[in-house]
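The values are calculated or read from the model by the stated rules, or taken from the named source; none is laboratory data. Here the structure is a predicted model, which means the values were calculated and not measured. A quick note on method: Cβ atoms are made from the backbone with ideal geometry, for glycine too, and the neighbour counts reach across all protein chains shown. These area figures cover heavy atoms from the full protein model, side chains too; ligands, DNA and RNA do not enter into them. Shrake-Rupley method; radii C 1.70, N 1.55, O 1.52, S 1.80 Å.
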Amino acid sequence: MADGVYTFFKDGLRLDGRRKDELRPLKIEAGVLKRADGSCYLEHGGNKVMAAVYGPREVHPRHLHNVTQAIVRYKYNMASFSVDERKRPGPDRRSIEISKVSREAMESVVLKERFPRTAIDVFVEVLQSDAGTRAAGINAASVAMADAGIPMKGLVTSCAFGKIDGEVVLDLCKEEDNYGEADVPVAMIPRTGDITMIQMDGHLTFDEFKEGMKLAIRGCDQIYELQREALIEKHQNDLKAKE
Ligand code: CDP
């Protein structure tokens, strides 16, 4: 940063060496927790998240149950030690908002009518954060739901695009998120092309928005492949263990 102005590009590349249309490195592992029905550990750049799924199971408190379909609950939590400045433990406005939009992004894929009077509970714990934790949480939750064997129309996949130094780029890291001009997390169902979440922080022209959506869709397609690979690997390991 020079004179309070952040310069996001050096020799045409971003500060972490990425191109404008490049994702940060991802690592996805399915089925990492013994006591959950489904689980996933995911790293995306500097983000580290764990997702655990329970259900379909009995609803507590009982009055919340729906006689025609399962209810989906989603709890996003950021650990106190996951950020530079210790976060006060427990829910806050931000985590309540992220839990709500993430649940809305995910529940349309679940075949809820098959499990009336039950709950599907999704827990996402952010262990280390570096911008894009809601997207990382959704990607992990989606794999954990599939790992739990919950019937779904497809996996939900998420990534963000944004604007830095007047340029539209894919997948903001923390400096780009904090000092950039716009941040737009997107979630979609790559199998059908349906978009299930768009949020926008900052300002973009319509053309910039369209350019960013193209980047986000390509980014989601790449993440989707990694989600599928993680589930296939878990399935193969399960088969080997049974031999
Ligand atoms: O994480 P995401 O981009 O989905 O949400 P955000 O509210 O835009 O937060 C961006 C980043 O700011 C987080 O990923 C954290 O790295 C950081 N942050 C923080 O340091 N302390 C907080 N209390 C909240 C967020």
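Here's how it looks for Y74: its modeled amide H is under 5 Å from those of V122, which are all 5 or more places away or on a different chain.
Rolling a 1.4 angstrom probe over the protein heavy atoms with all chains in place gives the chain an accessible area of 52 Å² per residue. Which log10 I(q)/I(0) values does the chain give at q = 0.09 Å⁻¹ under the Debye formula, counting every alpha carbon as one identical point scatterer? For the requested q values the scattering log ratios are -0.39. Distance from the Cα centroid of the range 52-70 to that of the range 8-37 is 34 Å (rounded to whole angstrom). A simple rule links phi to the HN-Hα coupling: the Karplus curve 6.51 cos²θ - 1.76 cosθ + 1.60 with θ = phi - 60°, which for the range 74-91 gives 9, 10, 9, 9, 9, 5, 4, 8, 7, 10, 4, 9, 2, 8, 4, x, x, x Hz, with x for Gly and Pro. Using 0.36 nm per residue and subtracting the Cα-Cα separation, the extra length available between F81 and M200 on full extension is 40.2 nm.
Packing, as the average of other Cβ atoms within 10 Å across residues, places the peptides 22-32, 151-161, 119-129 in the order 151-161, 119-129, 22-32, highest first. Taking packing as the residue-averaged number of other Cβ atoms within 10 angstrom, the listed peptides 108-114, 219-225, 60-66, 43-49 run from highest to lowest as 43-49, 219-225, 108-114, 60-66. Would any residue of the range 10-31 have its amide N under 11 Å from a label point 7 Å out along Cα→Cβ of Y179? List them or say none. Under cut-off, by backbone N: 15. Projected label points at S108 and V32, each 7 Å from Cα along the beta carbon direction, are separated by 2.9 nanometres. The magnitude of the dipole of the range 19-242, with charges of +1 and -1 set on the Cβ of Lys/Arg and Asp/Glu and taken from the Cα centre, is near 1220 debye.
Highest mean packing first, where packing is the average number of other Cβ atoms within 10 Å per residue, the peptides 179-185, 80-86 line up as 179-185, 80-86. One decimal place: the segment L127-D11 gains 38.5 nm when fully extended, by the rule 0.36 nm per residue minus the C-alpha distance.
Overall, the accessible surface of the chain at a probe of 1.4 angstrom is composed of carbon and sulfur to the extent of 50 percent. Given a Förster distance of 22 angstrom, what is the FRET efficiency for K100 paired with R62, based on the Cβ-Cβ distance and rounded to 0.05? In this case the efficiency is close to 0.45.
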